[in-house]
Amino acid sequence: MAERVAIILAAGVSTRMNTQLAKVLHEVCGRPMLAYVLDVCRQVGVEKIYVVVGFGDEQVRERFGEASDIVWVRQPKQEGTAHAVLCCREHLKDFEGETLVLCGDGPLIRAETLKTLFERHKAEHSAATLATAVLDDPTGYGRIVRDASGNIQGIVEDSDCTSEQLGICEVNPSYYLLNNKILFEAVEKVRPDNVKNEYYLTDALSLIIAAGHKVLAFTAVRPDEARGVNSRAQLSVASKIMQRRIQRELMENGVTIVDPDNTWIDIRAQIGQDTVIEPFTYIHGEVKIGQDCRIGPFAYLRDGTVLKDDVVLGVFTEVKNSTLAKGVRARHHSYIGDAVVGRNVNIGAGSITANFDGEKVNRTNIGNDCYIGSGAVLIAPIELKDGSRIGAGTVVSQEEIDKFGRKE
Ligand code: UD1
Ligand code: MG
């Protein structure tokens with residue numbers, strides 16, 4: 001059996017999202033929420049991950065496919081987080097170690113925090129350890145209730161709080177590490193005695209405390225990683241926080257982002273040193289940008305774009321699924337789709353690759369040192385030889401090139 005195991009709860013109906021898509025498939029900066037949670041588990045050495053799925057389970061499994069470290073567990077009816085954990089009993093009943101329990105709707109989780117959770121749990125010989133957060137506005141979260149000497153007494157869900165408890169700012173971000181045996185003994189005993197009539201995992205913690213086991217709750221989760229996503233508004237908040245992280249890392253790696261608030265960069269994007277991203281640039285999907293490029297303002301780079309070094313893309317330039325070699329310039333109002341563009345090519349204002357013929361997408365090949373005048377339309381499939389010059393306003397097809405083009 002694996003040394004470290006995790007259960008990720010991802011079966012919820014997500015009523016508050018008002019969606020037909022499984023909640024954990026909603027994307028934060030270009031990746032589904034669940035992907036982030038799976039990642040941090042792997043980063044802290046979790047070898048088996050039990051993902052509990054229910055609402056939209058087929059969509060989730062299809063999106064993530066079969067991974068050797070994932071075991072999909074079905075929760076037939078969504079009766080609460082304790083019930084979701086209980087669905088893993090058959091798989092984990094003989095497991096002697098410690099089980100990490102996380103929620104799939106918490107994409108902001110960081111591996112550093114989980115490392116601390118493992119360390120403290122071990123050092124303090126706890127039966128259960130939870131990392132908490134202190135929030136200015138704790139609305140919606142389970143509150144950590146402590147006794148006079150500061151020991152945790154239990155977690156009370158927002159909807160079950162007294163008016164006094166509602167004022168508690170220490171909350172439960174749902175980062176738990178528990179002795180597996182004690183966890184399952186407790187979840188079996190949870191009853192749905194609450195406003196929502198659900199089996200709460202948080203009640204299992206109260207039962208573990210009441211049984212006299214050592215439970216440790218310590219504040220280790222930063223406010224910006226505690227936020228779970230239960231609604232579209234919270235999805236946008238989580239995305240904004242993730243966006244700041246992505247941009248901070250890029251800046252640390254030597255990328256200039258002139259106006260972070262007005263720039264959006266996908267987590268899958270890679271950007272080289274000394275590249276400058278001007279305001280209102282949107283980078284979506286797997287995009288690779290080299291060094292010393294200048295992108296934007298108002299540039300739109302889509303999936304499959306590869307820019308080598310020294311590329312300049314200016315206002316309202318859109319690039320999709322294309323590779324642009326070193327020194328390419330497209331400063332104004334262009335569309336480059338499904339193309340390979342050679343070194344030092346200049347693409348004039350308003351020139352486009354007409355890549356879609358109404359049925360299929362076709363490719364454009366532009367050789368090195370070509371000059372494309374303003375307002376040119378290159379009808380794909382088309383190939384321009386090295387050094388070709390296309391006059392302003394021309395509509396060019398392969399047929400015409402073959403007929404009238406420069407013969408070498
Ligand atoms: C939960 C916690 C709350 C905590 C908050 C942090 C409980 C009872 N409450 O509340 O203390 O502050 O997370 O974000 O645990 N799920 C299932 N099956 C179910 C119900 C839920 O798999 O039957 C999954 C959901 O898909 C979700 C996670 O469990 O990923 C948490 O459920 P959710 O309904 O979002 O609970 P919160 O109200 O956010
Ligand atoms: Mg939630």
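Scalar couplings 3J(HN,Hα) for the stretch 155-170, obtained by applying the Karplus form with A = 6.51, B = -1.76, C = 1.60 to θ = phi - 60°, are 10, 10, 5, 3, 6, 10, 6, 6, 5, 5, 5, 4, x, 6, 9, 7 Hz; x denotes Gly and Pro.
Computed over the Cα atoms of the stretch 264-408, the ratio of the radius of gyration to the Kirkwood radius (Rg/Rh) comes to 0.97.
Bridgeable aspartates and glutamates around Lys326 (alpha carbons under 17 Å apart, same-chain partners fewer than 8 residues away excluded): Asp274, Asp292, Asp309, Asp310, Asp369, Asp386. Scanning residues 5 or more positions from Arg331 or on other chains, those with amide H under 5 Å from its amide H are Gly314, Ile347, with H placed 1.01 Å from N in the peptide plane. Site pair Asp136 and Glu359 shows an inter-label distance of 5.9 nm when each label is modelled 7 Å from Cα along Cα→Cβ. For Tyr200, the residues 5 or more places off, or on other chains, whose built amide H falls under 5 Å of its own are Ala82.
Applying both filters, DSSP loop and at most 15 other Cβ atoms within 10 Å, to the GluC sites (Glu not before Pro) of the stretch 1-70 gives Glu3, Glu47, Glu66.
Extension gain, Glu164-Ala148: 0.36 nm per intervening residue step, less the Cα-Cα distance, totals 4.3 nm. Among Ser14, Ser68, Ser351, sorting on how many other beta-carbon atoms sit within 10 Å of each Cβ, with the fewest leading, yields Ser68, Ser14, Ser351. For the stretch 35-86, applying the loop criterion from DSSP together with a ceiling of 12 other beta carbons within 10 Å to the trypsin sites (Lys or Arg not before Pro) yields Lys77. Derived scalar couplings between HN and Hα for the stretch 227-237 equal 6, x, 10, 10, 9, 5, 5, 5, 4, 5, 5 Hz in order, rounded to whole Hz, by the Karplus curve 6.51 cos²θ - 1.76 cosθ + 1.60 (θ = phi - 60°), x for Gly and Pro. On the principal axes of its alpha carbon atoms, the chain extends 88, 38, 36 Å, with the longest extent given first.
Each Cα pair under 8 Å and six or more residues apart adds its sequence gap; the mean of these over the residue count of the chain is a relative contact order of 10 percent. Both radii are taken from the alpha-carbon atoms of the stretch 356-404; with Rh as the Kirkwood radius, Rg/Rh is 0.96.
3J(HN,Hα) couplings calculated from phi for the stretch 358-373 with the Karplus curve 6.51 cos²θ - 1.76 cosθ + 1.60 (θ = phi - 60°) are, in sequence order, x, 10, 9, 8, 10, 9, 10, 10, 10, x, 5, 6, 7, 10, 9, x Hz; Gly and Pro show x. Close amide-amide hydrogen proximity is noted between Asn362 and Phe356, Asp357, each under 5 Å apart and 5 or more residues distant or on a separate chain (H modeled in the peptide plane; Pro and chain starts excluded). Mean residue ellipticity at 222 nm, helices only, the chain: -6500 deg cm²/dmol; runs of at least 4 DSSP H residues each add -39,500 (n - 2.57), and the sum is divided by the number of residues.
Pairs spanning more than 26 Å between alpha-carbon atoms, out of Lys23/Lys181; Lys23/Lys308; Lys320/Lys385; Lys93/Lys196: Lys23/Lys181; Lys23/Lys308; Lys93/Lys196.
Taking all Cα pairs closer than 8 Å and separated by 6 or more residues, the relative contact order of the stretch 271-408 comes to 13 percent.
Here, each number is a calculation from the coordinates, and none is a lab measurement. From a predicted model like this one, the values you see are computed outputs, not experimental measurements. Because the Cβ atoms are built from the backbone with ideal geometry, glycine has one as well, and the counts that use them run over all protein chains shown.
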